[in-house]
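These notes are about the structure you will find just below.
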Amino acid sequence: MEIIQIVGIGLISVIILLIIRQYKPEFAIYVSLIAGILILFFSLGELSGVINLLKDIANRASINQQFISILLKITGIAFLSEFAISISNDCGETAIANKIDIGAKVLIIVISIPIITTLLETVLKIIQ
């Protein structure tokens, strides 16, 4: 069960952080970063099954594979940017966190253009 590993890493990291902050607060960010990467690693391991399931359903439903690829990229951008934003906020760098957030949103809009275009073309066909 990955959730047990994730929760275990989180709780152990919190305990280590509480101890380290008393003696060497400058090292706390490293513990936090390593814990975040480990948790992200364990979480991403489960995604391969979900991705394969989505591709299989898309094949059976005759959905354009490009759309599934775009949705997966958007989801990846959202997860990675949220991770970077959290790390930046933990370091007290809210200005950088805000810039990462804006950059991620712009990238998501740019990547989603083919889906938006197809949707608008479909709506125009229905209207005409």
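Just so you know, all these numbers are worked out from the coordinates, no wet-lab data involved. From a predicted model like this one, the values you see are computed outputs, not experimental measurements. With ideal geometry, Cβ positions are generated from the backbone for all residues, glycine too; neighbour counts draw on all protein chains shown.
Key figures for this structure:
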read-out: Rh (Kirkwood; distinct C-alpha pairs) - region 47-128, Å; value: 14.7
read-out: Sum of -39500 (n - 2.57) over DSSP H runs of 4+, divided by residues of the chain (222 nm, nearest 500); value: -30000 deg cm²/dmol
read-out: Residue-span extension gain [residue 110 to residue 30] - 0.36 nm each, minus C-alpha spacing; value: 25.5 nm
read-out: Principal semi-axes in Å for region 1-45 [√(5λ), Cα gyration tensor, largest first]; value: 22, 11, 4
read-out: Dipole of region 47-128, positive end: most advanced residue of 108, 64, 94 [Cβ charges, Cα centre]; value: 64
read-out: Separation of alpha-carbon centers, region 33-61 and region 110-128, rounded to whole Å; value: 28
read-out: Gain upon complete extension [residue 127, residue 69; 0.36 nm per residue less C-alpha separation]; value: 18.0 nm
read-out: Exposed-loop-free span, longest in the chain, where GluC sites (Glu not before Pro) count as exposed if DSSP calls them loop and at most 14 other C-beta atoms lie within 10 Å; value: 47-92
read-out: Within a Gaussian network of the chain (alpha carbon springs, distance under 10 Å), most fluctuating of 108, 85, 37; value: 37
read-out: Partner lysines for residue 73 [C-alpha distance under 29 Å; skip if fewer than 8 residues away on the same chain]; value: 55, 99, 105, 125
read-out: Max mean-square fluctuation residue, GNM over the chain, Cα-Cα springs under 10 Å, options 64, 98, 89; value: 64
